[in-house]
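Written below as structure tokens is the structure these notes are about.
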Amino acid sequence: MKFTAAATVAFAASANAFAPATTGNRATQLNAMKDDFAKVGAAALAGAAIFGATMPAQAITKSELNQLSYLQVKGTGLANRCSEVIGEDTITPKGGSRIVDLCIEPKAWAVEEEIGKAGKTEKKFVNSKVMTRQTYTLEGIEGSIKTDGGVITFVEEEGIDYAPTTVQLPGGERVPFLFTVKELVAKGNGGAFKPGFQMGGDFSVPSYRTGLFLDPKGRGGTTGYDMAVALPGLQSGEEGDAELFKENNKTFDVGQGRIEMEVNKVNAEESEIGGVFVASQPGDTDMGSKVPKKILTKGIFYAKIQ
């Protein structure tokens, strides 16, 4: 009850912290995912602070961060933060331009759950608490920029574009997922980066586990036992094997997620952009044996135009 009450207060107080300005008639997935977050109260800075994310009081720019030594950064949480951008300029990318040093920092998480009430069940997004230490931010991502028909399209190519993350629901259940933007192709709504510019697209979500992972009974995708050695009688026949088929036959599942980003700060002198994002993706399937949960992530991003 205390967790739920704290969540309600924090999310209500910060519901508009990331709310971007409305632009034109662009009906994108951003608004749909924002609506999903609104159902649980869009968690932003205040909410993230209560639920364990380290939120230093003062923002820090990229130039300020570059002036710090390793020992000054060590143990402060700054390595898990995206830099802030100051300014409201406009940057028009030229041919051959690239987005580099893209940083994506989650601030809040919500997991879709079936909630029972008055004999009925319905799916709702539940506020969750991050359990992973400060290693869940994506960093150093880069890719090419294309301007077909005067519209910017970003194609992700490389970088630290995935981070194994675990969140915990109010009841104590923990939900692992691979926070990622692999193979992202994000299409914008204009030809220049400026406050209010939006871009979004789909990305691939690889399996949380790899083929070399062994479960507690020694079963794996590319190595290990073919079945649970302690239960041979249940797996020798067709009927018995069907019950444990998914547990025995590990698969490397690749799902699909979507991210919508909106620029709200642009520094033309430093060629920097910053803004907010909302992402939706499936969680871990335990290598094919479980149905993945839908996870919403919301936070900030930073990038440099090169």
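Using R0 = 45 Å, the C-beta based FRET efficiency linking Lys123 and Ser69 works out to 0.40.
Lys and Arg at +1, Asp and Glu at -1: add these up for the other residues within a Cβ distance under 11 Å of Asn267 and post the number.
Working: positive: Lys62, Lys265, Lys304; negative: Glu84, Glu88, Asp89, Glu269, Glu270, Glu272.
Overall, the nearby charge balance is -3.
Loop-located trypsin sites (Lys or Arg not before Pro) in the range 102-137 (DSSP state other than H, G, I, E, B) with a sparse environment of at most 13 neighbouring Cβ atoms within 10 Å: Arg133. Coupling constants for the range 78-90 follow from the phi torsions by the Karplus curve (6.51 cos²θ - 1.76 cosθ + 1.60, θ = phi - 60°), and in residue order they are 5, 5, 9, 10, 8, 5, 8, 10, 10, x, 9, 8, 9 Hz; glycine and proline get x. For Val205, the residues whose modelled amide H falls within less than 5 Å of its own, excluding neighbours fewer than 5 places apart on the same chain, are Gly255, Gln256, Gly257. Between Thr76 and Met131, the simple spin-label model (points 7 angstrom out along Cα→Cβ) gives 3.1 nm.
Under Stokes-Einstein, with the Kirkwood radius over Cα pairs as Rh, the value for the range 160-229 at 10 °C and 1.306 mPa s is 101 µm²/s.
For the set Lys290, Lys62, solvent exposure ranked by accessible area (probe 1.4 Å, protein chains only) runs largest to smallest as Lys290, Lys62. Shown here is the pair-distance distribution of the range 112-173: with all Cα-Cα distances grouped in 10 Å bins from zero up to the longest one, the shares run 17, 26, 23, 23, 11, 1 percent.
The values are calculated or read from the model by the stated rules, or taken from the named source; none is laboratory data. Everything numeric here is computed off the predicted structure, so don't read it as measured data. Glycine also receives a Cβ, built like all others from the backbone with ideal geometry; neighbour counts cover every protein chain displayed. We work out accessible area using only protein heavy atoms, side chains counted, and drop any ligands, DNA or RNA first. Shrake-Rupley method; radii C 1.70, N 1.55, O 1.52, S 1.80 Å.
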